[in-house]
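Asker: For reference, the structure I am asking about is given below.
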Amino acid sequence: MRVGIDLVEHKDIEHKDERFIKHILTEQELSYYNTITNKKRRIEYLSSRFACKEAIFKCYQTGVAFQDITILNDKLGVPYALIHNKRVELSLSLSHTDNYSVAVAILPSNDDD
């Protein structure tokens, strides 16, 4: 099993430009992001996606890029990941406070570990 965790301070994200946002978010994520009208919620969304992708990078320890990973939520709000548009067996947890977003990713064991 591999575990990745990442913590993002919102003040580090709140003044990022459109180029940064498009680098981090895939088209699906960006589409949802653009529907968010509350500035605080936009920062939380971007920060949590950034943290989640960083946590996933730590699990895979290989050539996966921001645009390879899409973080979505199921009907119950539970986050899941698509890597190269395929759902992966990976447990995710996202949370945030007024100032921070945190993400944990757990990749189950396989014979290669």
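Asker: Residue by residue through the stretch 17-33, what is 3J(HN,Hα) from phi via Karplus (6.51 cos²θ - 1.76 cosθ + 1.60, θ = phi - 60°)? Round to whole Hz and write x for glycine and proline.
Answerer: 8, 4, 4, 4, 4, 6, 6, 7, 8, 6, 4, 4, 5, 5, 4, 5, 3
Asker: Simple spin-label model, 7 Å along Cα-to-Cβ: Thr35 to Tyr80 in nm?
Answerer: Placing both labels 7 Å beyond Cα along the Cβ direction yields 1.8 nm.
Asker: Leaving out ligands, DNA and RNA, and with a 1.4 Å probe, what % of the accessible surface on the chain is carbon or sulfur?
Answerer: On the way: 3380 of 6930 Å².
Heavy-atom surface of the chain belonging to carbon and sulfur, 1.4 Å probe: 49 percent.
Asker: Can you match mean projected area of the Cα convex hull in nm² to one of these, [x] 8.9; [y] 7.1; [z] 8.1, based on a calculation from the structure here?
Answerer: [y]
Asker: Follow-up. Please report the net charge: other residues with Cβ closer than 11 Å to the Cβ of Ala105, K and R +1, D and E -1. Before the final figure, lay out each step's value.
Answerer: Values: positive: Arg2, Lys53, Lys58; negative: Asp6, Glu54.
Counting the neighbours of Ala105, the net charge comes to +1.
Asker: For the stretch 8-65, what class follows from the C-alpha gyration tensor (a ≥ b ≥ c being the square roots of its eigenvalues): rounded when a/c is under 1.5, otherwise prolate if a/b is larger than b/c, else oblate? Could you put the intermediate results ahead of the total?
Answerer: Details: a/c = 2.07, a/b = 1.58, b/c = 1.31.
Since a/c reaches 1.5 and a/b is larger than b/c, the shape of the stretch 8-65 is classed as prolate.
Asker: In degrees between 0 and 90, to the nearest 10, how far off the longest principal axis of the chain does helix 39-60 point, with axes built from Cα atoms?
Answerer: Helix 39-60 sits at roughly 20 degrees to that axis.
Asker: Where only protein heavy atoms count, and the probe is 1.4 Å, what is the accessible area per residue for the chain in Å²?
Answerer: Working: 6930 Å² over 113 residues.
Ligands and nucleic acids excluded, the result is 61 Å² per residue.
Asker: Separate question: Calculate for the chain the 222 nm mean residue ellipticity that helices alone would give, adding -39,500 (n - 2.57) per DSSP H run of length 4 or more and normalising by residue count, nearest 500 deg cm²/dmol. Walk me through the numbers on the way to the answer.
Answerer: Numbers: 3 runs with 36 residues, N = 113.
Rounded to the nearest 500, it is -10000 deg cm²/dmol.
The values are calculated or read from the model by the stated rules, or taken from the named source; none is laboratory data. Just so it is clear, the model here is predicted, and its values are computed rather than measured. Every residue, glycine among them, receives a Cβ derived from its backbone with ideal geometry; neighbour counts consider all protein chains shown. Protein only, heavy atoms only, side chains kept; ligands, DNA and RNA dropped before computing areas. Shrake-Rupley method; radii C 1.70, N 1.55, O 1.52, S 1.80 Å.
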